[in-house]
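Trainee: Dropping a structure here in structure tokens format, bear with me for questions.
The values are calculated or read from the model by the stated rules, or taken from the named source; none is laboratory data. Owing to the predicted nature of the structure, the values given are computational and were not obtained by experimental measurement. FYI the Cβ positions are ideal-geometry reconstructions off the backbone, even for glycines, and counts take in every protein chain you see. Ligands, DNA and RNA are excluded from the accessible area calculation, which covers all protein heavy atoms including side chains. Shrake-Rupley method; radii C 1.70, N 1.55, O 1.52, S 1.80 Å.
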Amino acid sequence: MKNFAQILLSWYAVHKRPLPWRDTQDPYKIWISEIILQQTRVAQGYDYFLRFIKRFPDVQTLAAASQDEVLKYWEGLGYYSRARNLHAAAQSMNGVFPSSYEGVLALKGVGEYTAAAICSFAYKMPYAVVDGNVLRVLSRIFAVSLPIDSAEGKGQIKQLAQRLLDERHPDDFNQEIMEFGALQCVPQNPDCAQCPFKKQCKALQNDKVDALPVRAGKTKLSRRYFSYVYVAQGPYTYLRRREEKDIWQGLYEIPLLQSASPLAPEDLCRLKEFKKLFGSLSPRLVCAPLKHILSHQIILASFYALTLPAKKRLPKEFIRIKKADLKNYALPRLVQKGLEKAGLLAKENA
Ligand code: SF4
């Protein structure tokens, strides 16, 4: 299509949002912003990015930090493997950010999209980015009928994007097309009447805007039932680091009991694991089930509290900490929320 890049450019000149990572060519900062934005909305990611960059301004600082501290700065953003990968990748760089596409792509947690974004924004290399926004925009303008969650559909759009890319200004082109998807060609009810592509857009011409992009199938969400137990022992409480390959690896949580179905409070103390930890102590419900939705699962978590006798200790995997220090540990957002609701943890910024 002739003029594709020009149409985008004129639209962007009017609609561009000023974002702190837009005016930098520092590959490190671009990398951090891209990883934050992988699963986080711009509005939420903005503050996290600023705080993260302030504490870890370069590869060396990030590599030298502890994983606990990196996770603490990521707390609340979710998808914690992103933070663990960032940290591991920083440690693998020997203090120098890679300067080739292959080197960037080889970093832990970096896929083709992120490598293209970093290399085009920082080094002006001619790699077209293909994220969810680009998939939607191009599948509509060119009426791509293959599912965008299939290898064929993605491949076709990747080729299109690469063909359309303005190779003299790959950085601008990539920013423009993603911004266009984020603000103009939005998933629901895009304002096609005001769109600069309305004459070229095949989806609009064929009345298929709502039907595109096509998706092969949605992932079914599994359900998990969590019962968290806040343990009070004078000024102390107990935490455990999640070591297993599961959600929230590396974060801390209060004792957790999992069950295959929802549990009534009186059923919790009948669980074998509960008896092993707490004997015949009785927990009291302090926060009714909270629903927490992740990409592939829904968690329903109830929160309980109990008082542990002074002489008793929980097994070694649990660490005993001062209650007042709880806020210094990186906790999953769900745990923070439950404890806040139960009045066991002060709200941040409150
Ligand atoms: S005309 Fe509508 S569907 Fe087509 S690109 Fe513009 S906003 Fe998207």
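Trainee: Starting from residues that are open to solvent by less than 40 Å² (accessible area, probe 1.4 Å) and of a type in the set (S, T, N, Q), keep the ones in segment 220-248 and report whichever is farthest from S81 (Cα to Cα).
Mentor: Q233
Trainee: Oh, and also: Please name all residue pairs, on different chains or six or more residues apart, with Cβ atoms under 7 Å, provided the first residue is in segment 195-218 and is more than 9 Å from the ligand (Cβ to nearest atom) and the second residue is of a type in the set (D, E).
Mentor: R215/D149; A216/D149
Trainee: Answer yes or no as to whether S66 is surrounded by 21 or more Cβ atoms within 10 Å (Cβ to Cβ) and not aliphatic (A, V, I, L, M).
Mentor: Values: surrounded by 21 or more Cβ atoms within 10 Å (Cβ to Cβ): no; not aliphatic (A, V, I, L, M): yes.
Here the answer is no, as S66 does not meet what is asked.
Trainee: Further question on the same structure: Yes or no: F173 within 30 Å of Q25 (Cα to Cα), part of a helix (DSSP H, G or I) and not charged (D, E, K, R)? Break it down stepwise before answering.
Mentor: Working: within 30 Å of Q25 (Cα to Cα): yes; part of a helix (DSSP H, G or I): yes; not charged (D, E, K, R): yes.
The answer is yes for F173.
Trainee: Here are the criteria: (1) small (G, A, S); (2) surrounded by fewer than 19 Cβ atoms within 10 Å (Cβ to Cβ); (3) away from the ligand (no atom under 16 Å from the Cβ); (4) free of Cβ contacts under 8 Å to residues at least 60 places away in the same chain. Tell me which single one S150 does not satisfy.
Mentor: (4)
Trainee: To continue, here is another question. Only residues that are of a type in the set (A, V, I, L, M) and either under 17 Å from Q200 (Cβ atoms) or surrounded by 15 or more Cβ atoms within 10 Å (Cβ to Cβ) (or both): list them for segment 1-36, please.
Mentor: Narrowing segment 1-36 to residues of a type in the set (A, V, I, L, M): 1, 5, 7-9, 13-14, 19, 30, 32, 35-36.
M1, A5, I7, L8, L9, L19, I30, I32, I35, I36 - these are the residues of segment 1-36 that are of a type in the set (A, V, I, L, M) and either under 17 Å from Q200 (Cβ atoms) or surrounded by 15 or more Cβ atoms within 10 Å (Cβ to Cβ) (or both).
Trainee: Right, next: Take residues that are surrounded by fewer than 17 Cβ atoms within 10 Å (Cβ to Cβ), without any contact (Cβ under 8 Å) to a residue 24 or more places away in the chain and assigned by TED's automatic domain parsing to the domain that holds I247 and tell me which of the helices (runs of 4 or more DSSP H) falling wholly in segment 259-350 contain 3 or more.
Mentor: Helices (runs of 4 or more DSSP H) meeting the threshold: 272-278.
Trainee: Next question. Just give me the residues in segment 168-187 being open to solvent by 60 Å² or more (accessible area, probe 1.4 Å), under 22 Å from the mean Cα position of the chain (by Cα) and either within 8 Å of the ligand (Cβ to nearest atom) or not aliphatic (A, V, I, L, M) (or both), in sequence order.
Mentor: Scanning segment 168-187 gives a single hit, P187.
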